[in-house]
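Below is one structure, written out as structure tokens; comments come after it.
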Amino acid sequence: MTKKTEIDQLKLLAKRFAHATRSNHRDALDAIATTLSFPHWKALTVEVGQGWMPSEDDLAKVDAFVREYFPSLNGRPQFIEQSMSRPVGEPIKVGGIDGHAYQIFEFSGDIRMEGEGWRILIGEADFSQPLVEIEATHKETSPTNDRGFVEKALSIAVGEAVIVRAGIASDWPRRSTKPNAKGEVAHPIHGDMAAEWYCLHCDGKMTGTQIAGNLWHCPRCNAAPLDIFTSPWWLEGSREKPTVIENVKDRRQPEPEVKVLDTRPTLRLDEQSISILLRVALLEDANTPGERLGALLAKISVDDELGAWITFDMDLWPEIKEPEAAIAVADKLDMSLDLEVTCETFPFAWPGLGQVTTSTSEYVQMMLDAYEERGVVLRKKDDE
Ligand SMILES: [Zn+2]
């Protein structure tokens, strides 16, 4: 009976492999046979007929091969659990290509391969477009300028992506990754079963085979599994109709997009940052609570051609007071600075008192007293 058990063990491993790689049982059997140096499964069975038996080592070899694609071979941990528990900075693979070191990371099903000044990103879905990013500072010297290098790197990254997808598929039920005879597949998250599916993002209509073949990401817009539904309920009562997503024969992973990026910290000296810097300087210039209010409420305008100008409220900022720090900041930024004083409606702040002390709490007390004596104090609770 030993013979039957060992061959059955291979068949069981083939089943797991088919589940992980979303392939036919027959293709999986061939892959197992190839691992043991047979051209295909048929050849293996012929040998078995002549008395050949897989050895312990053979079984271990196939087990290791399948385990790479089906990590939860002996139960837990499942791929997604393993992925979630891995520290973010821990690579799943390290190596070198033509003397250039790289690290590969996996996060939420996505692959990121990194080297000095370059990285390659590949999404979870089978047909997501790989992205090659090159640091602008490394543009001239980057190994990614060599087409051959990029091809080698891509094939390694794609290899890891295939294993990651297999891990995800192995966590999902087989009926989510392999359509039944009626073409129906079950949603991997909530289990709805249907032969036709709709994408919430692009209103695409697709078959079970199409959606299962792209790891439950929309084949047109790459929307995630949670956006794929059995009916286009969001189009109810609207004139929009779902559009059929064409079946592409022998679809391949798209050519990578190459982008040059400058990720160095960038100081953008625009209106917003310049006015904040000028206001900080005004606060440095302000000594009293009144002046600090003047600094906070001053109108600061910045214009590419005209430079900067500050409009103070004359009740809050003494007309004779030079904002020295603000002038120095404008000078550092190579901007001309104009100062104006205007009289707005009498501010709430009882301006005269703002210059009497440098303590804000003293000033607030004096202001409260002044309003209570000569005016009205409305508190929030009085409105209720
Ligand atoms: Zn879509």
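The values are calculated or read from the model by the stated rules, or taken from the named source; none is laboratory data. For clarity, every value in this text was computed on a predicted model and none was experimentally measured. Because the Cβ atoms are built from the backbone with ideal geometry, glycine has one as well, and the counts that use them run over all protein chains shown.
For the range 216-237: of the residues being over 19 Å from the mean Cα position of the chain (by Cα) and in a helix (DSSP H, G or I), which is farthest from the ligand (Cβ to nearest atom)?
The selected residue is 233.
Contact list please: Cβ distance under 7 Å, first residue in the range 193-208 and over 19 Å from residue 172 (Cα atoms), second residue more than 8 Å from the ligand (Cβ to nearest atom) and of a type in the set (Gly, Ala, Ser), pairs at least six apart or on different chains.
Listed pairs, sorted by first residue: 198/231.
Which of (1) closer than 30 Å to residue 126 by Cβ; (2) surrounded by 10 or more Cβ atoms within 10 Å (Cβ to Cβ); (3) more than 16 Å from the ligand (Cβ to nearest atom) is the odd one out, the single condition residue 270 does not satisfy?
(1)
Within the range 33-44, can one find any residue that is over 22 Å from residue 178 (Cα atoms) and of a type in the set (Val, Ile, Thr)?
yes
So, in the range 206-215, exactly how many residues are within 12 Å of the ligand (Cβ to nearest atom) and either of a type in the set (Gly, Ala, Ser) or assigned to a loop (DSSP other than H, G, I, E, B) (or both)?
1
For the range 341-359, indicate whether the set of residues that are outside the structural domain of residue 154 (by TED's automatic domain parsing), part of a helix (DSSP H, G or I) and among the aliphatic types (A, V, I, L, M) is non-empty.
Yes, there is a match, as at least one residue in the range 341-359 is outside the structural domain of residue 154 (by TED's automatic domain parsing), part of a helix (DSSP H, G or I) and among the aliphatic types (A, V, I, L, M).
I'm checking my understanding of the structure. Among residues of the range 238-267 that are hydroxyl-bearing (Ser, Thr, Tyr) and away from the ligand (no atom under 16 Å from the Cβ), which one is farthest from residue 333 (Cα to Cα)?
Within the range 238-267, the match that is farthest from residue 333 (Cα to Cα) is 238.
Can you name every residue in the range 242-264 that is surrounded by 10 or more Cβ atoms within 10 Å (Cβ to Cβ), in a loop (DSSP other than H, G, I, E, B) and without any contact (Cβ under 8 Å) to a residue 60 or more places away in the chain?
242, 245, 246, 247, 248
Against the definition (within 23 Å of residue 270 (Cβ to Cβ), touching a Pro at 6+ places or on another chain (Cβ under 9 Å) and surrounded by 14 or more Cβ atoms within 10 Å (Cβ to Cβ)), how does residue 327 come out, yes or no?
Taking the combined requirement at face value, the residue does not satisfy it.
Output the number of residues of the range 184-204 satisfying the condition of being among the small types (Gly, Ala, Ser) and within 14 Å of the ligand (Cβ to nearest atom).
Keep residues of the range 184-204 that are among the small types (Gly, Ala, Ser), which gives 186, 191, 194-195, 204.
Now narrow it down to the ones that are within 14 Å of the ligand (Cβ to nearest atom): 204.
Number of matching residues: 1.
Taking strands (runs of 3 or more DSSP E) that do not extend beyond the range 90-200, which have at least 3 residues that are closer than 30 Å to residue 236 by Cα and not charged (D, E, K, R)?
On the way: elements: 93-97, 100-107, 110-115, 118-122, 131-135, 196-199.
Counting at least 3 such residues, we get 196-199.
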